[in-house]
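Here's the structure, in C-alpha cells; my notes come after.
The values are calculated or read from the model by the stated rules, or taken from the named source; none is laboratory data. Every value quoted in this text rests on a predicted model; they were computed, and no experiment measured them. Cβ coordinates were reconstructed from backbone atoms using ideal geometry, including for glycine residues, and neighbour counts include every protein chain displayed.
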C-alpha cells in the first residue's frame, strides 16, 4: 500500500513460501493485539537463525477482507551479521521492567539508559538497568536530560556523580526542550555541560532532533568533542543536523516492540552507523582513551 512506510533498511519482503507455520502463528498473535501493536508497530524475532521483522500495515482487499484492512507484513534481514547495522534501545523509568537477557538474545547490541535530569532527579530505574544490562553484555551509555533553566555545570556534576561505573559508550546529553529559555542561552548551557563532562570522560554524545537543534545558534567545533545521536522517526535517512558531517547513532522509531520489555509498542529503537563489530571497536576506542572519571560533587539522593 502506498501509504505504508518504506521497507525497513536492511530488510526485504519475505516470499510467501518462506513463511513457516511458526512465523504465521506469531503474526496472528500480533494481529490479535491491536493495543499492544498499533498501526506501523514493528517487532523482531529470530527463527532458525533468520532475523524476521513483523510490521503492522495496511493490506489491500483479499478473499477474506473486501476492504483495505489491518494486517501484518513479514520482512527478512538481507544483510550478514557482520555487515548489518548494530541495533540498540534507550530506556528510562518509563520502562521499569526489562529482561536484559531476552533483550540481548533478540539481537540488541547497545542501550542508552537514563541516569539523571536537571540537578536533583535520579531516574529510579537507573541502577537496576545499568547493572543488569552489563550482566547481559549489552554495551551501555548513560544519558542526562538537559533542563535549560538550571545551571549547566551543576547538572554535569550531578550526572557524573552517578557514574562510578562509566559504561562502555560515551555519555549523552539529551537536548530536546527549551523550557522557555532563549536559544542562545540553551546553546551556551549545552556547551558548558559538554565541555565539563568531556573533561572528565573524553568523548561525549548529543541526542537531539534536527528541528530542535537547527533552531539553536551554532556551537563552534562541536563535532570535535561530541558525536551525534539524531532522533528522526520514520525517515529513510536522518535529516541534516547542523555542526556534524554525519550521525553516529540514529533513533529511527519510537514504536518498536522489543523482546524482554513488556507492554505496548512504544520502545525507542536506535541504529549505530556501523556493524556490531564496528560498534565494539568504537566502544574500545572510547574506553581506552577516557581519562580517570572525576565527579566534582557528591550525589544527591532524590529520584524519579
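Numbers at a glance
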quantity: Unmet criterion (only one of (1) more than 19 Å from residue 42 (Cβ to Cβ); (2) buried (at least 19 other Cβ atoms within 10 Å of the Cβ); (3) modelled with pLDDT of 95 or more; (4) out of contact with any helix residue (DSSP H, G or I) (no Cβ under 8 Å at 6 or more places or on another chain)) for residue 279; calculated: (3)
quantity: Segment 176-195, residues that are crowded, with 19+ Cβ neighbours inside 10 Å and either farther than 18 Å from residue 145 by Cα or in contact (Cβ under 8 Å) with a residue 60 or more places away in the chain (or both); calculated: none
quantity: Residue, farthest from residue 215 (Cα to Cα), within segment 144-185, restricted to residues that are over 23 Å from the mean Cα position of the chain (by Cα) and part of a helix (DSSP H, G or I); calculated: 157
quantity: Residue tally, condition at pLDDT below 85 and surrounded by 12 or more Cβ atoms within 10 Å (Cβ to Cβ), over segment 54-71; calculated: 1
quantity: Spans of strands (runs of 3 or more DSSP E) in segment 51-143 with at least 3 residues closer than 20 Å to residue 176 by Cβ; calculated: 85-91, 108-117
quantity: Flag for residue 103 being farther than 20 Å from residue 229 by Cα, within 21 Å of the chain's Cα centre (by Cα), surrounded by 15 or more Cβ atoms within 10 Å (Cβ to Cβ) and free of Cβ contacts under 8 Å to residues at least 40 places away in the same chain; calculated: no
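For (1) in contact with a strand residue (DSSP E or B) (Cβ under 8 Å, 6 or more places away or on another chain); (2) over 28 Å from residue 125 (Cβ atoms); (3) surrounded by fewer than 14 Cβ atoms within 10 Å (Cβ to Cβ), each residue gets a yes or a no:
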{"site": "8", "(1), (2), (3)": "yes, yes, no"}
{"site": "16", "(1), (2), (3)": "no, yes, yes"}
{"site": "37", "(1), (2), (3)": "yes, no, no"}
{"site": "52", "(1), (2), (3)": "yes, yes, no"}
{"site": "73", "(1), (2), (3)": "yes, yes, no"}
{"site": "76", "(1), (2), (3)": "yes, yes, no"}
{"site": "92", "(1), (2), (3)": "yes, no, no"}
